[in-house]
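S.K.: Let me give you the structure first, and then I'll get to my questions.
The values are calculated or read from the model by the stated rules, or taken from the named source; none is laboratory data. Small disclaimer: the values here were computed from a predicted structure and weren't measured. Heads up, the Cβs are rebuilt from the backbone with ideal geometry, glycines too, and the neighbour counts pull from every protein chain shown. Calculation scope for accessible area: heavy atoms of the full protein, side chains included, ligands and nucleic acids excluded. Shrake-Rupley method; radii C 1.70, N 1.55, O 1.52, S 1.80 Å.
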Amino acid sequence: MSRNRRRYLVLDVFTDRPYGGNPLALLPEAEGLSTTHMQQIAREFNLSETAFIRPPRDRGETHRLRIFTPTQELPFAGHPTIGAALALADAGWDSPELVFGQAIGPVRVSLRQQKDRRSAWLWAAKLPEVGPPAPPTAALSALLGLRPTDILAGDWGPAAVSAGIPYLVIPVRDADVLARAELDLQRWKEILKGWWANQVYVVAPMDGPGGTRYRARMFGPAIGIPEDPATGSAATAFPAWLAPRLGTTDGILTVTIEQGAGLGRPSTLMIEAELDDGDLVAVRVGGTAVAIAEGTLRIPD
């Protein structure tokens, strides 16, 4: 393909149905594109993220992967990593593992095949950590247009966590409260814009506190995403909030997160968190994807 034209794919990630999940634009042959070109292309697609596969740069990598929102480059993101791995597998990659060099570091991805269904599982390049104490519940309820009693408190209350991108986890009572949440952008600017974790990850237990099935919504105004249909980087960090509250100290904690239904893009994210004596020693986030479009993109001079 000529230097000023590149092939692109569009995949719906964290779903097995077309037009569900989180859409991803992917350029599988992005060598030679400048950072300016990649940011322009991401702005043109105007999806939550656009990813660019490039040749490996460091030993141990199988590929490089750069990820952009419409406004900035990200050090790591989940659905572009999953989507890129599955696109490469569909194109003939014959190894069960890949390693994407990303700004956060090398991100390992395992491919799994169950009957006619292939899934990809990214391994957290940076284990989840807990950040500073969350702002007061009254401030967070105002931020989301909710009552203070709608937000869980005490041991099950909000906390800031990160596995490369920080999120403020705000747990609410149930799915009805989750559906009512609306981010007040002015209050977000006052409370969170310059804070350690300014992406807002609102979660609701589907089986009550103590369960392992959740619904989630993610508001990311700081990175140009009003609301995301599926957020792999938040799911990667989520075990840092959940595991201590469940009292899990050893073994593998399996969690399911549903996201995006209110946007008409239902998504399912699967999490496996390995613990040893109370410490998280590995986190994997898995999902499927559906390719829905392909074409040729003209690159500006």
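S.K.: Considering (1) open to solvent by less than 70 Å² (accessible area, probe 1.4 Å); (2) under 21 Å from Arg64 (Cα atoms), say which one Gly21 fails and leave the rest.
M.R.: Failing condition for Gly21: (2).
S.K.: Restricting to the range 105-132, count the residues that are over 24 Å from Tyr8 (Cα atoms), among the aliphatic types (A, V, I, L, M) and in contact with a Pro (Cβ under 7 Å, 6 or more places away or on another chain).
M.R.: 1
S.K.: Looking at (1) over 20 Å from Trp121 (Cα atoms); (2) modelled with pLDDT of 95 or more, find the lone condition where Glu274 falls short.
M.R.: Glu274 satisfies every listed condition except (1).
S.K.: Would you check which residues across the range 17-59 are basic (Lys, Arg) and more than 16 Å from Pro229 (Cβ to Cβ) and list them?
M.R.: Of everything in the range 17-59, those that are basic (Lys, Arg) and more than 16 Å from Pro229 (Cβ to Cβ) turn out to be Arg43, Arg54, Arg57, Arg59.
S.K.: Can you list the helices (runs of 4 or more DSSP H) found entirely within the range 184-254 that contain at least 2 residues being under 12 Å from the mean Cα position of the chain (by Cα), crowded, with 21+ Cβ neighbours inside 10 Å and of a type in the set (A, V, I, L, M)?
M.R.: 232-237
S.K.: Among the strands (runs of 3 or more DSSP E) confined wholly to the range 1-63, which include 1 or more residues that are free of Cβ contacts under 8 Å to residues at least 40 places away in the same chain and out of contact with any His (no Cβ under 9 Å at 6 or more places or on another chain)?
M.R.: Here the list reads 22-27, 49-54.
S.K.: Okay, moving on. Of the conditions (1) in a strand (DSSP E or B); (2) out of contact with any helix residue (DSSP H, G or I) (no Cβ under 6 Å at 6 or more places or on another chain); (3) closer than 16 Å to Ile82 by Cβ, Ile257 fails just one. Which one is it?
M.R.: (2)
S.K.: Here's another thing I want to ask about it. With the structure loaded, tell me whether Pro266 is open to solvent by 10 Å² or more (accessible area, probe 1.4 Å) and free of Cβ contacts under 8 Å to residues at least 40 places away in the same chain or whether it fails that test.
M.R.: So Pro266 does not fit the description; no.
S.K.: Further, regarding this structure: Any residue in the range 181-193 that is of a type in the set (Gly, Ala, Ser) and touching a Lys or Arg at 6+ places or on another chain (Cβ under 6 Å)?
M.R.: Checked the range 181-193: no residue is of a type in the set (Gly, Ala, Ser) and touching a Lys or Arg at 6+ places or on another chain (Cβ under 6 Å).
S.K.: Then there's this: What number goes with the only condition from (1) more than 28 Å from Asp150 (Cα to Cα); (2) more than 17 Å from the chain's Cα centre (by Cα); (3) in a strand (DSSP E or B); (4) in contact (Cβ under 8 Å) with a residue 24 or more places away in the chain that Glu274 does not pass?
M.R.: (4)
S.K.: Condition check: in contact with a Ser or Thr (Cβ under 8 Å, 6 or more places away or on another chain), open to solvent by less than 40 Å² (accessible area, probe 1.4 Å), closer than 19 Å to Trp123 by Cα and not charged (D, E, K, R). Does Phe14 satisfy that?
M.R.: Numbers: in contact with a Ser or Thr (Cβ under 8 Å, 6 or more places away or on another chain): yes; open to solvent by less than 40 Å² (accessible area, probe 1.4 Å): yes; closer than 19 Å to Trp123 by Cα: yes; not charged (D, E, K, R): yes.
Against the criterion (in contact with a Ser or Thr (Cβ under 8 Å, 6 or more places away or on another chain), open to solvent by less than 40 Å² (accessible area, probe 1.4 Å), closer than 19 Å to Trp123 by Cα and not charged (D, E, K, R)), Phe14 qualifies.
S.K.: List every residue pair whose Cβ atoms lie under 9 Å apart, where the two residues are 6 or more positions apart in sequence or sit on different chains, the first residue falls within the range 224-247 and is under 14 Å from Ala273 (Cβ atoms), and the second residue, located anywhere, is among the hydroxyl-bearing types (Ser, Thr, Tyr) and surrounded by fewer than 23 Cβ atoms within 10 Å (Cβ to Cβ).
M.R.: Listed by first residue and then by second, the contacts come to Ala237/Ser162; Pro239/Thr248; Ala240/Ser162; Leu242/Thr212; Leu242/Thr248; Ala243/Thr249; Leu246/Thr212.
S.K.: Find the strands (runs of 3 or more DSSP E) located wholly in the range 69-183 whose residues include 2 or more that are farther than 24 Å from Gly262 by Cα and open to solvent by 10 Å² or more (accessible area, probe 1.4 Å), and list them.
M.R.: In the range 69-183, the matching strands (runs of 3 or more DSSP E) lie at 97-102, 105-114, 117-123.
S.K.: Conditions first: (1) within 23 Å of the chain's Cα centre (by Cα); (2) within 12 Å of Pro300 (Cα to Cα); (3) not aliphatic (A, V, I, L, M). His37 passes all but one, so which condition is the exception?
M.R.: (1)
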